[in-house]
1. Report the FRET efficiency, 1/(1 + (r/R0)^6), for residue 39 and residue 137, where r is their Cβ-Cβ distance and R0 is 25 Å, rounded to 0.05.
2. Distance from the Cα centre of the stretch 66-80 to that of the stretch 82-143, in angstrom?
3. Can you order the peptides 107-115, 43-51 by their average number of other Cβ atoms within 10 Å per residue, highest first?
4. Calculated FRET efficiency, residue 91 and residue 111, Cβ-Cβ r, R0 30 Å, to nearest 0.05?
5. Could you put 87, 117 in order, starting from the residue whose Cβ has the fewest other Cβ atoms within 10 Å?
6. With only alpha-carbon pairs counted, each pair once and no self-pairs, how large is the Kirkwood hydrodynamic radius of the stretch 39-161 in angstroms?
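Read-outs: derived from the displayed coordinates by stated rules, not from any lab. From a predicted model like this one, the values you see are computed outputs, not experimental measurements. Ideal geometry is used to build each Cβ from the backbone, glycine not excepted, and the neighbour counts take in all protein chains shown.
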């Protein structure tokens, strides 16, 4: 009888240790998740996002504060230029309203089809009233959300390894013959 009690106690202690080990493993995995990008990763992700959206980068300008891309949609019917701005932040700090308004004005002045403002920071809560009259998309990204947005096809994985910030050239739209 004592042997059965000892075996039962050992089993209970073993299961408790396994549960504790699993809990510790979950906590270490959560701690290992990255909470921010470095600047190169952020810029690379912006380029990948634009290209995976079907746009061709025709111009780029990188400053210490931001990455500006002019991209074209090559589709003849839905084509047009897009202004994409990536605002990099060291931490999840908020983007000042003045920067958003400045981008909004740039979209108007450049007469592009749409503006896309991407940041790894945060946008102010009243964002909908700031850019409501302009065709602008706002994207807040984190490393975990970026992993969800990244495409999973083998061809695009190869592109992700080292996206070039150089503009893409040489695209000629194909025209269908009507005969």
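1. The pair residue 39/residue 137 has a calculated efficiency of 0.70.
2. 17
3. Put in order of decreasing packing, that is 43-51, 107-115.
4. Efficiency computed from Cβ-Cβ geometry: 0.30.
5. Fewest-to-most ranking of 87, 117: 87, 117.
6. 15.0
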